[in-house]
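Please treat every number below as a calculation from the coordinates, not as lab data. Since the model is a prediction, treat every value here as computed from it, not as a measurement. We place every Cβ from the backbone using ideal geometry, glycine too, and count neighbours over all the protein chains shown.
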Amino acid sequence: MTLSGDEIERYARHIVLPEIGGAGQQKLKSARVLVIGAGGLGSPIILYLAAAGIGTIGVADDDAVSLSNLQRQVLHGTADLGRPKVDSAHDAALRINPHVSLVPHQMRLTETNAAQIIETYDLVLDGSDNFATRFLLADTCAALRKPLVTAAVNRFSGSLTTLLPFRNDNPSYRDLFPAPPPEGLVPSCAEAGILGVVTGVLGTLAATEAIKLITGIGRPLVGRLLMIDALDMRFETINYRRKRRAIPKD
C-alpha cells in the first residue's frame, strides 16, 4: 500500500526509524488487527494502534460504557456513558487518525463465533477480563495459526506474552497455564479493584508487541512472560517452553 503525503508527514517519526521506514509503515497500513475488549487494556491498545497507522482495527466487545469504567478505560469519556463501547472506540480511533478503519463486533466471543471472526484478521490482541475468553482465544488462534498477544492485570500487577505456537515448536498458552482456575478463585476487577494506570502500561506494551510482529522488528515475547509489579516498580521476565505431549500407547 502506498502512503499519501498526509500519511508520510503523520508517520514521519516512524519512517525515520531505520527499523521501520516507509516499508514498515506500509506493512502497518495493510495490517488487519483484532482487539478483544475495549476496556482497560483495549483502550491504550486501540489508541496506539490507530495512532501507529494500523489500516484495519477490529474491536470485539458486547459491553456499554459505565461510570466506573472511566477510571482506567481512557478510550471513553463521560459523554459516552451508556453507549456501546465499540461505538465509542470507533469515534475515538478516527479522531486520532482518519486514515484507519475500525470494524466493530458488538458481541462476546464464543465457541460458535470465534473462529469466524478471527480468521479474517492477521493478528489478535487479547484485552479480555476473564479466563474463559483467554483460553478460547488462545486455542482458536493456535488452530487458525494466528499470532496472539495476550495481557492480563490484577490490582497493581500485570503480565504479557506473545504466542506463536504454530512456528518452530513454540510454546502455547496451555503450556503456560494448563487449565483455567476454578471459578471464583481469582477475584474479578470489580471485586479486587485495579490501579487504572496498570492497564495503560500493559495495554501499551501489548500494542508495542503488535507493531513489532507486523513490521518484523525486535524480539517478541515468545516463550517469555513479562510480569510487572507497579507497587515495587519491578519488571521481571520468566521463560517457559513447550511441554512434551504424552504419546498414547497402542
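Only helices enter this figure: runs of n ≥ 4 DSSP H residues, each worth -39500 (n - 2.57), summed and divided by the residues of the chain, yield -10000 deg cm²/dmol at 222 nm to the nearest 500. Within region 113-165, the trypsin sites (Lys or Arg not before Pro) that combine a DSSP coil assignment with at most 12 other C-beta atoms in a 10 angstrom radius are Arg145. In a reduced charge model with +1 at each Lys and Arg Cβ and -1 at each Asp and Glu Cβ, the chain shows a dipole moment near 820 debye about its Cα centre.
For the chain, set up a Gaussian network in which alpha carbons nearer than 10 Å are linked by springs, and say which option among Gly22, Gly42, Gly53 fluctuates the most. Taking springs between Cα atoms under 10 Å, the residue moving most is Gly22. Neighbour counts of C-beta atoms inside 10 Å place Ile238, Ile46 in the sequence Ile238, Ile46, starting with the fewest.
Annotation: the residues Asp63, Asp232, sorted from fewest to most other C-beta atoms within 10 Å of their own C-beta, follow the order Asp232, Asp63. Calculate, for Arg32 and Glu183, the FRET efficiency according to 1/(1 + (r/R0)^6) with r their C-beta to C-beta distance and R0 25 Å; round to the nearest 0.05. Approximately 0.15, to the nearest 0.05. When a/c is below 1.5 the answer is rounded, else prolate if a/b is larger than b/c, else oblate, so apply that to region 101-157 with a ≥ b ≥ c taken from the square roots of the Cα gyration tensor eigenvalues. It is prolate, given that a/c is not under 1.5 and a/b is the larger ratio.
For Lys27, Lys243, Lys85, the sequence from fewest to most other C-beta atoms within 10 Å is Lys243, Lys27, Lys85.
Which of the three applies to region 68-167, rounded, prolate or oblate, going by the alpha-carbon gyration tensor with a ≥ b ≥ c and a/c under 1.5 meaning rounded? Prolate, since a/c reaches 1.5 and a/b exceeds b/c. Distances between placed amide hydrogens fall under 5 Å for Gln73 paired with no residue 5 or more residues away or on another chain. Comparing Ala92, Ala192, Ala31 in a Gaussian network model of the chain where C-alpha atoms under 10 Å apart are linked, the largest mean-square fluctuation is found at Ala192.
Taking the centroid of alpha carbons for each part, region 134-207 and region 18-49 are 18 Å apart. Sequentially through region 98-107, phi angles give Karplus couplings (6.51, -1.76, 1.60; θ = phi - 60°) of x, 8, 9, 10, 10, 9, x, 10, 7, 6 Hz, Gly and Pro residues having no value and appearing as x.
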